Amino acid sequence: MDRVSKVKLLIESAKYDLCGDCFLSEDVKRVKDISHSKWIYPELLPDGKKVRLLKVLYSNYCENDCAYCSISKFMNIRRLSFTPEELADVFINLYHRGIVSGLFLSSGVKRDPERTMQELIDTVWLLRNKYHFKGYIHLKILPGVSIQSVEEAVKLASRVSVNLEAPDDVYLKRVSSKKDLAKDLLEKLSRISAIKESHPDILKDGFTTQFVVGAAGENDLQILKRVYDLYRHLRLSRAYYSAFQPVPGTPLENKPPTNITREVRLYQVDYLLRRYGFNLKEIVFDEAGFLPLTKDPKELWALQHIDFFPVEITKADYFELLRIPGIGPKTARWILKMKENLSIHSLLNALKVYPNLRKALPYITVKGKRPARIALQGALFQSETQEV
């Protein structure tokens, strides 16, 4: 197979590893570079900067038997691998041509995890030391590798990730007979956390994990308990959620796909836990431990805490504002900046810039006045005028 075809196939094989919240913003949706027939994935970094990622597998050989995976060992697919020199050359060529600005590098397990991981590390080493690339590199830590390999990886990468895929070993065993959650995965996350704490200058973009939602039959509460624990105790940078979609040829090919709204709700709660000051006990679940699909999690909290409302937004602090449906970090910062001069009129005008703010109107007051009533009166007047 020629080099272009190999690159194309291994890019396609990497599409199941997440690097952005594709439902949240146009900014993080994948975009196709038509002239080169490559998939380039924009990622928003913790400092607000965006990078255009080449997201690629080093190898689609794999000794693991994950029942949902398109490259697992029982799949009848064409198997290909790069060499470290080859992949480093592919990336740096795209980088110098201005097509990409960062790399997301993962792999299947070819022969054994330690050897494959070392080849991934060798690839990144070449980029850093031969080609002097100082930009963003997200490196996947493979399950089953040694602590020594983890330590080597974090010295070279901007961000690393260890995918848990399931919230505990009971569920993980339903989809993979070879992975051990404690030894293969959680131990690595713990070590990465310890290294990051003692050496704050490395892994400047942190470390992450990912869950395949619905593949093993877990509920949302079980996933979020694990995530909340990782945020509090290991200072995980963030978690990603991928709604299970059956892949033809896998043991789970006949399993119904997970509703994409479930993935959206998990991301919404993740933001509440990670950025909005909520704790897990404040999240509303149904009797089976799932997030209701019909309503936003923050709205559900608001409906159960009517004594908290209405909030006088000219006196509220940042985290009080974030508890109001329709108000996120950008809107909260705008309100705090404007609070001295804020009026009903300026608030309603801001709907053009912050359209989600309309959700907040029933929950707030502005200097004692209820903007929801004034907005309603204005809407009625406008309707009557149009009818005349």
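Annotations for the structure displayed:
- In the set (1) part of a helix (DSSP H, G or I); (2) buried (at least 16 other Cβ atoms within 10 Å of the Cβ); (3) assigned by TED's automatic domain parsing to the domain that holds Gly368, Arg333 fails one condition alone, (2).
- The lone criterion from (1) more than 30 Å from Met338 (Cβ to Cβ); (2) assigned to a loop (DSSP other than H, G, I, E, B); (3) hydrophobic (A, V, I, L, M, F, W, C); (4) out of contact with any Cys (no Cβ under 8 Å at 6 or more places or on another chain) left unmet by Val247 is number (4).
- Residue match in region 202-210 (condition: free of Cβ contacts under 8 Å to residues at least 24 places away in the same chain and within 30 Å of Gly135 (Cβ to Cβ)): no
- Residue check, Asp184 of a type outside the set (Phe, Trp, Tyr), surrounded by fewer than 22 Cβ atoms within 10 Å (Cβ to Cβ) and at pLDDT below 95: yes
- Among the conditions (1) more than 23 Å from the chain's Cα centre (by Cα); (2) at pLDDT below 95; (3) among the charged types (D, E, K, R); (4) not in a loop (DSSP other than H, G, I, E, B), the only one that Arg174 does not satisfy is (2).
- Residues of region 139-171 satisfying the condition of being of a type in the set (A, V, I, L, M, F, W, C) and either assigned to a helix (DSSP H, G or I) or not assigned by TED's automatic domain parsing to the domain that holds Ser59 (or both): Ile147, Val150, Ala153, Val154, Leu156, Val170
- Members of region 221-244 that are touching a Lys or Arg at 6+ places or on another chain (Cβ under 7 Å) and part of a helix (DSSP H, G or I): Tyr231
- Applying the condition of being assigned to a loop (DSSP other than H, G, I, E, B) and buried (at least 19 other Cβ atoms within 10 Å of the Cβ) to region 253-278 and asking which residue is farthest from the chain's Cα centre (by Cα) yields Phe278.
- Residues of region 129-138 that turn out to be assigned to a helix (DSSP H, G or I) and either surrounded by 17 or more Cβ atoms within 10 Å (Cβ to Cβ) or of a type in the set (Ser, Thr, Tyr) (or both), as a count: 0
- Those residues of region 111-143 which are basic (Lys, Arg) and modelled with pLDDT under 95, in sequence order: Arg111
- For Ala157, the conditions (1) out of contact with any His (no Cβ under 9 Å at 6 or more places or on another chain); (2) modelled with pLDDT of 95 or more are fulfilled apart from (1).
- Residue in region 190-210 that is outside any helix (DSSP H, G or I) and of a type in the set (Lys, Arg) present: yes
- Check on Ser198, among the polar types (S, T, N, Q), without any contact (Cβ under 8 Å) to a residue 60 or more places away in the chain and touching a Leu at 6+ places or on another chain (Cβ under 8 Å): no
- Number of positions in region 279-298 that are of a type in the set (D, E, K, R) and outside any loop (DSSP other than H, G, I, E, B): 3
- Across region 90-103, the number of residues qualifying as crowded, with 23+ Cβ neighbours inside 10 Å and either of a type outside the set (Phe, Trp, Tyr) or touching a His at 6+ places or on another chain (Cβ under 6 Å) (or both) comes to 3.
- Close pairs (9 angstrom Cβ cut-off, 6 or more residues apart or separate chains): β-branched (Val, Ile, Thr) and at pLDDT below 70 in region 40-53, assigned to a loop (DSSP other than H, G, I, E, B) and crowded, with 19+ Cβ neighbours inside 10 Å anywhere: none
- Test: Cys69 is of a type in the set (A, V, I, L, M, F, W, C), modelled with pLDDT under 70 and not in a helix (DSSP H, G or I): no
- Any hit, region 67-77, residues being touching a Pro at 6+ places or on another chain (Cβ under 6 Å), buried (at least 19 other Cβ atoms within 10 Å of the Cβ) and on the phi < 0 side of the Ramachandran plot: yes
- Flag for Asp307 being loosely packed, with under 13 Cβ neighbours inside 10 Å and more than 23 Å from Leu224 (Cα to Cα): yes
- Count - residues of region 104-119 that are outside any helix (DSSP H, G or I) and buried (at least 17 other Cβ atoms within 10 Å of the Cβ): 7
The values are calculated or read from the model by the stated rules, or taken from the named source; none is laboratory data. As the structure is a prediction and not an experimental result, all values here were calculated from the model. Please note: Cβ atoms are built from the backbone with ideal geometry, for glycine as well, and neighbour counts cover all protein chains shown.
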